[in-house]
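Below you'll find the structure, written out as structure tokens, and then a few comments.
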Amino acid sequence: MGIAEGEVEEEDKVIVLKRIHVTYHLKLEDDEEKRAAAERVLGAHAKYCPVARSLMPAIDITTSLEIEPA
């Protein structure tokens, strides 16, 4: 599951979305290989996500991963 938060700024009296940060919450067993795989996927996510690629030229998108015990 992911939670997204956006930041807006005003430009010429128009509110413009400038930044989005998505925090992914993942329940995972205590396994270093699975954790490393999850982090690799997160690192490549924006490159292969059509929505992120469409927004990136205008909006800064960042992600983080919070791993909880399964």
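The values are calculated or read from the model by the stated rules, or taken from the named source; none is laboratory data. If you're wondering where the values come from, they're calculated on a predicted model, not measured in any experiment. Neighbour counts are summed over all protein chains in view; Cβ atoms, including those assigned to glycine, are modelled from backbone coordinates with ideal geometry. Note: areas computed on protein heavy atoms with side chains; ligands, DNA, RNA excluded. Shrake-Rupley method; radii C 1.70, N 1.55, O 1.52, S 1.80 Å.
Rolling a 1.4 angstrom probe over segment 1-54 with all protein chains present gives an accessible area of which 54% lies on carbon and sulfur atoms.
Solvent exposure of the chain, expressed per residue, is 80 Å² of accessible area, with all protein chains present and a 1.4 angstrom probe. So for the chain, averaging the separation of alpha carbon pairs under 8 Å that are six or more residues apart and normalising by length, what relative contact order in percent results? RCO, the chain: 40 percent. Assuming charge only on the beta carbon of Lys and Arg (+1) and of Asp and Glu (-1), the dipole of the chain about its Cα centre is about 340 debye to the nearest 20. For residue 46, neighbours were defined as the other residues whose beta-carbon sits under 15 Å from its Cβ, and their charges (Lys and Arg +1, Asp and Glu -1) total +2. Which FRET efficiency, nearest 0.05, do residue 5 and residue 27 yield, Cβ-Cβ r, R0 22 Å? E(calc), rounded to 0.05, equals 0.55. Shape index of the chain: Rg/Rh, with Rg the Cα radius of gyration and Rh the Kirkwood radius from the inverse mean 1/r over Cα pairs, equals 1.10.
Of the GluC sites (Glu not before Pro) in the chain, the ones in a loop by DSSP (not H, G, I, E or B) with at most 11 other beta carbons within 10 Å are 29. Springs between Cα atoms under 10 Å define the GNM used for the chain, and in it the highest mean-square fluctuation of 12, 60, 31 occurs at 12.
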